[in-house]
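The structure appears right after this line, and notes come after that.
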Amino acid sequence: MGEIYLEGLGVPQDYAKAADAYAKAADLGDTNAQFSLGLLVAEGRGVRKDLRIAGDLFTHAAEAGNAAAQYNLALLYVNGRGRPMDEAKAAEWMQKAAAQGNAQAQYDLGAFYQFGRGVPIDKAKAAEWTGKAADAGLSAAQVEYGVMLFKGTGVEPDPKRAAQLFRLAAEQGNPVAQNRLARLYANGVVFDTDLVQAAKWHLLARDAGVSDFSLDIMLAKLTKEQRIEAERAVDAWSAGRLTE
């Protein structure tokens, strides 16, 4: 019932009724309800906002093995919201969520190992967890792991795999990946030099707010025909996204 009121599925959307339904299920030990109620309490939707109580609800669900609750509890600890700031506890809960396949937790845990937040710096583990998140399809992780593969940071260098990941993330609309893919095509790295493809991905990245002066110069040097072809490729890509 909670989800029905939360999403307005066949009934008017009503956060208060959603919270009430989740509370009843949470009292019976339903960990998904505990987590969902925790989100409502954390955001103050339908109930009074209280991060401490949200943390309590996440804890109940997390201790019962709910991965989403484990991840959100980790965020409370790392940010000191509703819980004392404690990066070690944050890393502990992030690890539990990541081990269950939560892609965002895997990505964040990789960052913990990369920068030594709550755990010792370990480039190999950073790459391992970032790679898992990339394999799960998280575009930010695909970009980060791609960079690791290019540089050989914590993992054996593999430029071809890195380029594949940049393409996967770029196709998802990640502008950082689009920019990196454009650079590869412009400079003939991994791929054969293809200025039309470089321009296509640069235009998409630039439209999304990622500027690159060197690629702007490349764009200005294109022939009229190349520029038209690149713009058509952008339009075709954008149209494909709209129909997905």
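Any read-out appearing in this document is the output of simple, stated calculations on the displayed coordinates, not a laboratory observation. Here the structure is a predicted model, which means the values were calculated and not measured.
Stretched out straight at 0.36 nm per residue, the stretch from ALA16 to ASP86 would grow longer than its current Cα-Cα span by 22.0 nm. On a 0 to 90 degree scale, rounded to 10, what angle separates helix 123-135 from the longest Cα axis of the chain? Its long axis makes an angle of about 90 degrees.
Result for the chain in a Gaussian network model with C-alpha springs under 10 Å: among TYR145, TYR185, TYR71, the largest mean-square fluctuation is at TYR185.
Taking ARG52, ARG161, ARG232 in turn, the Gaussian network model of the chain (Cα-Cα springs below 10 Å) assigns the largest fluctuation to ARG232.
Rounded, prolate or oblate, given the Cα gyration tensor of segment 173-239, with a/c below 1.5 counting as rounded? It is rounded, given that a/c, with a ≥ b ≥ c, falls under 1.5. For the chain, the longest principal axis of the alpha carbon atoms and the long axis of helix 159-171 meet at an angle near 70°. For segment 82-89, the Karplus equation 6.51 cos²θ - 1.76 cosθ + 1.60, evaluated at θ = phi - 60°, returns couplings of x, 8, x, 4, 8, 5, 5, 5 Hz by residue, with Gly and Pro reported as x. Once semi-axes √(5λ) of the Cα gyration tensor in Å is calculated for the structure shown, the corresponding label among (1) 24, 21, 17; (2) 41, 24, 13; (3) 33, 20, 15 turns out to be (2). Can you tell me how segment 121-244 classifies by the Cα gyration tensor, rounded, prolate or oblate, using a/c under 1.5 as the rounded cut? Prolate shape, in that a/c is at least 1.5 and a/b is the bigger ratio. Cα centroid separation, segment 150-185 to segment 52-117: 28 Å. Legend: residue pairs LYS49/LYS89; LYS89/LYS151; LYS125/LYS151; LYS151/LYS200, Cα-Cα distance threshold 27 Å; pairs beyond threshold, LYS89/LYS151. Here the Karplus relation 6.51 cos²θ - 1.76 cosθ + 1.60, evaluated at θ = phi - 60°, turns the backbone of segment 18-30 into coupling constants of 4, 4, 5, 5, 5, 4, 5, 5, 5, 4, 8, x, 6 Hz, with x for every Gly and Pro. In the chain, the calculated helix contribution to ellipticity at 222 nm averages -22500 deg cm²/dmol per residue, counting -39,500 (n - 2.57) for every DSSP H run with n ≥ 4.
Judged by the gyration tensor of its Cα atoms, with axes a ≥ b ≥ c, segment 47-120 is oblate; a/c meets the 1.5 cut and b/c is at least as large as a/b.
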